[in-house]
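Just so it is clear, none of the values below were taken in a lab; they were calculated from the coordinates. None of these values were measured; they are calculated from a predicted model. Backbone-built Cβ (ideal geometry, glycine too); neighbour counts: all protein chains shown.
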Amino acid sequence: MFSALNLFANDPKNPDLYNHALKGELQGKRSISVGFDLRIVFIVEGNYEHVILFSVGKHEDAYK
């Protein structure tokens with residue numbers, strides 16, 4: 001997970017992270033993939049000047 005966060009800090013739009021906008025109840029938040037089943041959900045302020053981590057967990061848990 002720390003290597004993914006380091007990659008995110010240096011290049012948040014790196015395709016290896018599968019950075020994507022969320023829909024529905026989580027609209028306004030984004031998610032990156034960390035390994036096969038781990039997700040980090042976050043909120044971006046500005047042009048990635050500030051990022052607020054919202055949740056970290058397995059795929060089915062991170063989006064709750």
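Please give the length that would be gained between Lys64 and Val51 if that part of the chain were fully extended, namely 0.36 nm times their separation in residues minus their C-alpha to C-alpha distance (nm, one decimal).
That works out to 2.8 nm of additional length.
Could you give me the radius of gyration and the Dmax of the chain, taking only the C-alpha atoms into account and expressing both in angstrom?
Cα only, the chain: 10.8, 29 Å (Rg, Dmax).
Using the number of other C-beta atoms within 10 angstrom as an exposure proxy, rank His50, His59 with the fewest first.
His50, His59
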